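Enquirer: Mind having a look at this structure? Questions to follow.
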Amino acid sequence: MSSKMPKNRFKSSLPILILACLLTLASASASAIDEEDCLQCHKYRGLRAQGQAASLRDFHVDENSFNQSAHGTVTCRGCHIDIRRTPHEQEGSKVNCGIACHLSADLRGKQSSHMKLYNQYLETAHGELVGKELDCLSCHVRNETKGYARRHHKEVESLCEKCHLKEQASSGGIASGGPKVTGDVYHRLSVLRSRPDLPGCVDCHPVHSIYPKENPISSVNTENLPKTCGGAHSPLQSCHVAASARFIGTEIHDRNLAARNGRATREKTLWLGMMLLLAPLALHMLFDSFRSGRLRHDGTEDQGDSRVFVRMTVHQRALHMLLIVFFAFSAAGGLSLWLCDRKPAAGLISFVGGFKQMSNLHLGGAGALAALIVYHVASLVFLAVKRDWVISDLTLLPRRKDVTDLLQNAWFLLGRSPERPRYGKFSFVQKFDYLAALLGLSFMIVTGLAIGFPERSICAVLPARWLGDLRIVHVALGYGLIFIFLVWHVGNNLFSPATFLRNWSWVNGKISEDMMRQEHTQYYEDMLLAEQEEKLRRERAVEERSMEEVIKKQARELEEYLEAGNQYAKQADYAKAVEQYEKALGLLPNFPQAQYNLATVCHKSGNIKRAIVEYRKFIEIDPFNTVADKVRALLSQLEDSPDRGSADAR
């Protein structure tokens, strides 16, 4: 037992020994980097001193940030070569990044150096400012030096803005003589909204290779612009691959003050016009809620539901539902991309998987809306051709009555009229919603295509400076449609006091009689009148069919009575013959053939007096019959006959 105890103790102590070795190695590594023990003083926050420029400088070094930076494996004296002793006798000079570095990470085992890159940088547009207004630390932040790929998109652009953004450069930018840009450049707006999927400054102006545009090797030289705009210097590699001469010749930085002020004026005018358009809608909803609520409270318009009417067919409900879904996807994607610097939008973008997925969602919803509009218009054209429609048959198009309804409705909302307009199948409000959806979404799709594919659309005809205006139009129209659909349309149909949560025709396609009478009075009365006319038409049709059946039945009976009377007359059974002819005349009193046969049978049976009477009736019924003259001659003989007296006596 005693021989096994040391072995067990060794096994139990092994993890502790390994941990101690790792800590020793880590300590040795850290001490190897900080060979001069600089962090003994510089690790303290608040370590500041007055520099040569009579300004207070911060000398604190965060050890964790420094170790994670690109220089984490470089000793302090690897860059600060003029520092010889501790404490420092004087402030060190600025670091020269062109010296050989003490990096040992090179695969060839050699020391790395920034010398080649530094010399190349001296030849660029920024090189002449090195040592004056610019140096490496102007962009590579002290102790947090990271490569471009490791920086956030917005962080890289903020470095350029220190000098080149007019709003900042005019108030203390570093390089006061450099070219200035305004804050409304399209690409910069995308960067400010944290859109890493869109190009920024360094995607067109490569890092460390920014030359004046007159230089043939400059990325923004006229000869190189097609390649640059196509994404040759950008990690995106898929920008304006079909950029035309008109497109690449546009001043992207918008330095023209007059043009910039003109666009600003147009933008303000557009937003003002949008507010002027939406303000009456908001006022209408406010006044309508008040007036409709009072009428509803008084009970003057709630007469109870007794029946329902079909308001929307299955096909119409399907199109309406698809419109809701596609617009929701498109609007959610567009708002999230435009407001991606806000937390709710950023959270939604992260939820769907990033900017690319959100862009695809936005484009997919817009494409589906475009297909839906094309299908709707094509179906209308098909029905118009099939049913031989004219313009007046399209009940959703505005008419003169809509203008009078609008004026009367304004009078009603202001309390000057006790009644609402007598709307037809669609009110002017519903027609406005339809046209806003059809025309507004169509224009949104057109402007979206121009913005998304400028080199293939608008820039093939107009200068690219129109893109800024179209972008504002697209965004403003998007906000307007969201208001119209979510606030105006939904509010009027679901949350109006007159129809609060009672209008579910968009789900089941039906509308109650009370709501039809209240919201579409004229159409309701026209439907009732049409139903009454249809009922009368059906009743007349039934009566006509009954009359035809009676006539057919009577015709058969007449033929039977007439044939039976003729048979009895041939058999000289005149009494039964008279009986059959009388039955036929009972069905059709003015039946000439039966009347003539009856008179003939009476004559043959010797009943001269009745024969004269029946012959006279026959002449009255059919005076132009082919035998009428013969009957008249016979009447003259019978009236002059001596047998008439004996017949009368009988």
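Enquirer: At 1.4 Å probe size, put MET547, MET285, MET321 in order of accessible surface, largest to smallest.
Expert: MET547, MET321, MET285
Enquirer: Describe numerically, in nm with one decimal, the distance between label points set 7 Å from Cα along Cα→Cβ at VAL314 and at MET274.
Expert: So the two model labels end up 4.0 nm from each other.
Enquirer: Just to make sure I understand: if all protein chains stay in place, what is the order of TRP488, TRP504 by accessible area at 1.4 Å, largest first?
Expert: Sorted by accessible area, descending: TRP504, TRP488.
Enquirer: For an R0 of 60 angstrom, estimate the FRET efficiency from the Cβ-Cβ distance between LEU394 and HIS60 and round to the nearest 0.05.
Expert: 0.20
Enquirer: Another question, then. Where the centre of each part is set by its Cα atoms, how far does region 400-418 sit from region 491-547, in angstrom?
Expert: Cα centroid to Cα centroid, the span is 23 Å.
Enquirer: If you count only protein heavy atoms with a 1.4 Å probe, what accessible area per residue comes out for region 496-650, rounded to a whole Å²?
Expert: It amounts to 62 Å² per residue over region 496-650.
Enquirer: Leaving out ligands, DNA and RNA, what percent of the accessible area of region 498-583 is carbon and sulfur, probe 1.4 Å?
Expert: Carbon and sulfur atoms account for 52 percent of the accessible area of region 498-583.
Enquirer: Provide the per-residue ³J(HN,Hα) series for region 434-448, in order, calculated from phi with Karplus coefficients 6.51, -1.76, 1.60 and θ = phi - 60°, each as a whole number of Hz, with x at glycine and proline positions.
Expert: 5, 5, 5, 5, 6, 7, x, 5, 4, 5, 4, 5, 5, 5, x
Enquirer: OK, next. Length gain on complete extension for the stretch THR73 to THR265, per 0.36 nm per residue less the alpha carbon to alpha carbon distance?
Expert: Answer, rounded to one decimal: 63.7 nm.
Enquirer: What is region 352-418 by shape, rounded, prolate or oblate, if you read a ≥ b ≥ c off the alpha carbon gyration tensor as root eigenvalues and call it rounded for a/c under 1.5, prolate for a/b larger than b/c, and oblate otherwise?
Expert: oblate
Enquirer: Give me the one-decimal nm value for the distance between modelled label points at PHE495 and ALA328, 7 Å along each residue's Cα-to-Cβ direction.
Expert: It is 1.6 nm.
Enquirer: Sorted from largest down, give the three principal axis spans of the alpha carbons of region 338-457, whole angstrom values.
Expert: Here the Cα extents, ordered largest to smallest, are 54, 44, 26 Å.
Enquirer: Sticking with this one: Where the accessible area of region 306-386 is counted over protein heavy atoms with a 1.4 Å probe, how much of it, in %, is carbon and sulfur?
Expert: Its accessible area is 75 percent carbon and sulfur atoms.
Enquirer: Order of 468-478, 205-215 by packing, highest average Cβ count within 10 Å first?
Expert: 468-478, 205-215
Enquirer: For region 302-399, what is the accessible area per residue in Å², given a 1.4 Å probe and the full set of protein chains?
Expert: Per residue, region 302-399 has an accessible area of 64 Å².
Enquirer: OK, next. Take a quick pass over region 501-597 and tell me how many lysine pairs come in under 30 angstrom between Cα atoms, counting only ones 8 or more apart or on separate chains.
Expert: Qualifying lysine pairs in region 501-597: 10.
Enquirer: State the extension gain, in nm to one decimal, for the chain segment bounded by ARG616 and GLU36, taking 0.36 nm per residue of separation less the distance between their alpha-carbons.
Expert: Gain on stretching ARG616 to GLU36: 193.6 nm.
Enquirer: Mind ordering 421-433, 114-126 by average Cβ neighbours within 10 Å, highest first?
Expert: 421-433, 114-126
Enquirer: Using the Cα gyration tensor of region 499-650, with a ≥ b ≥ c the square roots of its eigenvalues, what is the shape: rounded (a/c below 1.5), prolate (a/b larger than b/c) or oblate (neither)?
Expert: Because a/c hits 1.5 or more and a/b exceeds b/c, region 499-650 counts as prolate.
Enquirer: Next question. How large is ³J(HN,Hα) for each residue in region 200-212, as worked out from phi by the Karplus curve 6.51 cos²θ - 1.76 cosθ + 1.60 (θ = phi - 60°), to whole Hz, x for Gly and Pro?
Expert: Once θ is set to phi - 60°, the couplings for region 200-212 become x, 4, 6, 6, 9, 10, x, 4, 6, 9, 8, 10, x Hz.
Enquirer: A further question follows. Quick check: pseudo-label points 7 Å beyond the Cα along Cα→Cβ at VAL627 and THR222, how many nm apart are they?
Expert: Going by the 7 Å Cα→Cβ label model, 11.6 nm.
Enquirer: Here's a follow-up. Just to verify a number: what accessible area does PHE287 come out at with the full protein assembly present, 1.4 Å probe, Å² rounded to tens?
Expert: 80 Å²
The values are calculated or read from the model by the stated rules, or taken from the named source; none is laboratory data. All values derive from a computational prediction rather than experimental measurement. Heads up, the Cβs are rebuilt from the backbone with ideal geometry, glycines too, and the neighbour counts pull from every protein chain shown. Note: accessible area is taken over every heavy atom of the protein model, side chains too, but ligands, DNA and RNA are not part of it. Shrake-Rupley method; radii C 1.70, N 1.55, O 1.52, S 1.80 Å.
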